[in-house]
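Contents: one structure, followed by commentary.
The values are calculated or read from the model by the stated rules, or taken from the named source; none is laboratory data. None of these values were measured; they are calculated from a predicted model. As a convention, Cβ positions derive from the backbone with ideal geometry for all residues, glycine included, and neighbour counts pool all protein chains shown. Side chains included, ligands, DNA and RNA excluded: accessible areas come from the protein's heavy atoms. Shrake-Rupley method; radii C 1.70, N 1.55, O 1.52, S 1.80 Å.
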Amino acid sequence: MAKQEKVRKRILVIGGDGIGPEVTRWGRRVLEAVAEKYGHEFIFEEGLMGHAAIEATGDPLPEDTLSKARQSDAILFGAIGHPKYDQDPGLKVRPEQGLLRIRKELGLYANLRPIKLFDELLAASSIKPEVLQGADILFFRELTGDVYFGEKKKAEDGSWASDLMIYHAYEVERIARRAFEAARQRRKTLCSVDKANVLESSRLWRATVQRIAADYPDVTCTHMFVDNAAMQLIRDPRQFDVILTANLFGDILTDEASQIAGSMGMLASASIGDGTGLYEPIHGSAPDIAGKGIANPLASILSVALMLQIGFQMQEEAEAVVRAVDQTLKAGYRTVDIADKHTPNHMMVGTDGMGQQIIRFLS
Ligand code: IPM
Ligand code: MG
């Protein structure tokens, strides 16, 4: 049945915080099912990161996790964050530092966030179905630069604080090339989003993208200001193919764009550089629903599909996972975040119920 050769891969699983471990468990189960079905060998390791790691070791990214990450072929990650830190901005050691550091250490400069609506979820979004139908966007969010990693300062007396928004041309260039390459495989249009009317770093961004665009004459390249892009995404998402943008703008726009895919619980992402990639849902740790067994595992499962496709070049296996998600939705299974009363045959399930259906369709 499997056309591809049988391969062996090491995968580091980092559940993280909140609903992270609950949904990631199903990502791993799906990988196990894929390995069994196609005769591959996936060797799993577990690692700590975020609040869970701070509690256990005092460090949001322990050395043990980082060294396992370096030795693995791919990382499956859950989510990060805990309300304790959100209530207390004064805390110096924070869960998010773990994720930011692993991105930096592994050079994961390109964050791919595909936004595609499964037809069955047309009614689950708060946006009108006729606006959404057929929308298919691939975000390239820069991930290791910008205000996220620029110098941070604050006054001793607490009267001011600053974060430096900085980009180097080489950082823009390497992600731009990846985005143009991807656009070539798609509908050959790329929209670069910035704030070049105000920000110096955005003017560098735009000039660099314009320079790279000259190497891809077959791709139509446009530029849009981020405030306008935020509006256009909701007004007419079908106008976009590949969107290339900076770290902070991409963080915000992709949460917004998750509504185009029905729910945050559906969106997967791949963070890639020149080595090991990290695959994770775009949703957060959702502490309000953690431990209740209701979190949607599909974003983690779709992250696994990205791992198979991008990380391992296993097209057939990746398609099988996406097909299982499609079939499960067609059969009417819904977690609470994608539930809608308009689907006559819909059956409410929790995290495990959804995960089990995916495995059933996959096998
Ligand atoms: C994301 C998250 C992270 C980010 C947080 C948890 C640091 O929101 O991956 O989108 O801002 O990049
Ligand atoms: Mg985010």
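The table below gives the values:
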quantity	calculated
Residues of segment 140-288: accessible area per residue with a 1.4 Å probe, Å²	43
Projected-area average for segment 126-260 over all orientations - Cα convex hull basis, square nanometres	9.1
About the Cα centre, charge dipole magnitude for segment 126-260 (Lys/Arg +1, Asp/Glu -1 at Cβ), debye	440
Convex hull projection area averaged over all views, the chain, Cα basis, nm²	18.7
Segment 55-113 and segment 251-275: distance between their alpha carbon centers, rounded to Å	18
Span from the segment 308-347 Cα centroid across to the segment 159-231 one, whole angstrom	32
Cross-link table K92/K153; K128/K330; K9/K292, entries beyond 23 Å C-alpha to C-alpha	K9/K292
With at most 10 neighbouring Cβ atoms within 10 Å, loop GluC sites (Glu not before Pro) (DSSP) excluded, longest segment of the chain	157-363
Heavy-atom accessible area per residue - segment 69-113, 1.4 Å, Å²	43
Computed [θ] at 222 nm, deg cm²/dmol, the chain (DSSP H ≥ 4; -39,500 (n - 2.57); rounded to nearest 500)	-12000 deg cm²/dmol
Mean separation of Cα contacts under 8 Å (6+ apart) over length of segment 126-260, as relative contact order %	39
Whole-percent pair-distance distribution, where bins are 5 Å wide, for the alpha carbons of segment 32-137	2, 10, 15, 14, 11, 14, 14, 12, 7, 1, 0
nm² value of the averaged projected area, convex hull over the Cα atoms of segment 198-325	10.4
Longest exposed-site-free window of the chain, the sites being trypsin sites (Lys or Arg not before Pro) in a DSSP loop that have at most 13 other C-beta atoms within 10 Å	93-291
Portion, in percent, of the accessible area of the chain that falls on carbon or sulfur, probe 1.4 Å	52
Segment 272-345 - convex hull of the alpha-carbon atoms, volume per residue in Å³	107
